């Protein structure tokens, strides 16, 4: 039953408020409630300042905080109610397990609130895809989480950050974006965290999903999606970091002509619990396995699958599917919080 909360006469017209609906001269006007999106800032180029407006490299003259990011985009007020939390203000090369875990816990806490609609994370582009994939594995909600960056600093004459951020908020505020997992937002393209890699050091179209292509686009008229990931992520993930204070050490080798087992031995000595390989050294691997180290076979090319094989399985080596080595490292770190069994970890690599 609709209950009258207010009745008053103004300029000869009766205005009634019925549970959030205005009736004006018999015409109903629904009160619109904007979505609630929270901005989690970590730093990076999108929050960096150069010495002058044409400075597109070595921009270290200052840092931009979340308030300045939001105030720079008055258009956001028409899209969502924006709140923020500054997690850090660093370059992406300085991201570590402590910051990642806190970020994940803070986002999960926000998305668990019934009034929340989505989240946006600012990040430096150098390791953005790693943080995005980590969140894709540990966020416990189907609400959209957008990771956004920029290839040009906040101070540049041709800066791309503000428009990337605007589009990220558009997607995070959209109910149509639920269930896609964590997404990366740059250059008008919506890309899946698992599939996407930075491919160019300088150009604004750097983030690409080589094997899959974008999930969709943030066009001026509307947000459009063309496909949805089929692998496990976010709300369907088995990984839980709520009680974790650190993650196991996992390192990555890089194969090149005349490379040898030096790096494998050094990583094991340094305390690695897992190593992602780009080539095999059977003797060093066997010695590491005896010490409890788990090995995952990846590839340096950045595209294509590393398929399962009887040989690798017989050696107790997990294969990484089409995850590049630095993303295989993220999944292996989380897998090692649950098991050291190569067969069980192989299942995880097949599913995530």
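The values are calculated or read from the model by the stated rules, or taken from the named source; none is laboratory data. Note that the coordinates shown come from a computational prediction; the quantities given were computed from them, not determined experimentally. Cβ placement follows ideal geometry from the backbone for every residue including glycine, while neighbour counts extend to all protein chains displayed.
Only a single item in (1) assigned by TED's automatic domain parsing to the domain that holds residue 146; (2) surrounded by 13 or more Cβ atoms within 10 Å (Cβ to Cβ); (3) assigned to a loop (DSSP other than H, G, I, E, B) is not met by residue 259, and it is number (1). Among the residues of region 92-124, those identified as touching a strand residue (DSSP E or B) at 6+ places or on another chain (Cβ under 6 Å) and either outside the structural domain of residue 69 (by TED's automatic domain parsing) or more than 23 Å from residue 337 (Cα to Cα) (or both) are 110, 115, 116, 117, 118, 119, 120, 121, 122, 123. Among the helices (runs of 4 or more DSSP H) confined to region 267-352, the ones with at least 3 residues that are in contact with a strand residue (DSSP E or B) (Cβ under 7 Å, 6 or more places away or on another chain) and in contact (Cβ under 8 Å) with a residue 40 or more places away in the chain are located at 325-335, 342-351. So which of 308, 351 is at pLDDT below 95 and surrounded by 13 or more Cβ atoms within 10 Å (Cβ to Cβ)? Step by step, each of 308, 351 is checked, and only 308 is at pLDDT below 95 and surrounded by 13 or more Cβ atoms within 10 Å (Cβ to Cβ). On the given criteria, is residue 136 under 21 Å from residue 195 (Cα atoms) and without any contact (Cβ under 8 Å) to a residue 60 or more places away in the chain? Judged against the criteria, residue 136 is not a match.
Residue check: is residue 157 touching a strand residue (DSSP E or B) at 6+ places or on another chain (Cβ under 6 Å) and either assigned to a strand (DSSP E or B) or on the phi < 0 side of the Ramachandran plot (or both)? No. Any idea which of 287, 327 is surrounded by 14 or more Cβ atoms within 10 Å (Cβ to Cβ) and either within 29 Å of residue 208 (Cα to Cα) or within 27 Å of the chain's Cα centre (by Cα) (or both)? It is 327. In region 219-248, the residue that is nearest to the chain's Cα centre (by Cα) out of those that are surrounded by 12 or more Cβ atoms within 10 Å (Cβ to Cβ) and free of Cβ contacts under 8 Å to residues at least 40 places away in the same chain is 236. If you go through region 156-175 one residue at a time, do you hit one that is under 15 Å from residue 130 (Cα atoms), out of contact with any helix residue (DSSP H, G or I) (no Cβ under 6 Å at 6 or more places or on another chain) and assigned by TED's automatic domain parsing to the domain that holds residue 43? Looking through region 156-175, none of the residues is under 15 Å from residue 130 (Cα atoms), out of contact with any helix residue (DSSP H, G or I) (no Cβ under 6 Å at 6 or more places or on another chain) and assigned by TED's automatic domain parsing to the domain that holds residue 43. State whether the residues of region 27-49 include one that is assigned by TED's automatic domain parsing to the domain that holds residue 147, out of contact with any helix residue (DSSP H, G or I) (no Cβ under 8 Å at 6 or more places or on another chain), part of a helix (DSSP H, G or I) and at pLDDT 95 or above. Within region 27-49 (the criterion being assigned by TED's automatic domain parsing to the domain that holds residue 147, out of contact with any helix residue (DSSP H, G or I) (no Cβ under 8 Å at 6 or more places or on another chain), part of a helix (DSSP H, G or I) and at pLDDT 95 or above), the answer is no, since none of the residues qualifies.
Of the candidates 174, 158, the single residue that is at pLDDT below 95, surrounded by fewer than 24 Cβ atoms within 10 Å (Cβ to Cβ) and over 16 Å from the mean Cα position of the chain (by Cα) is 158.
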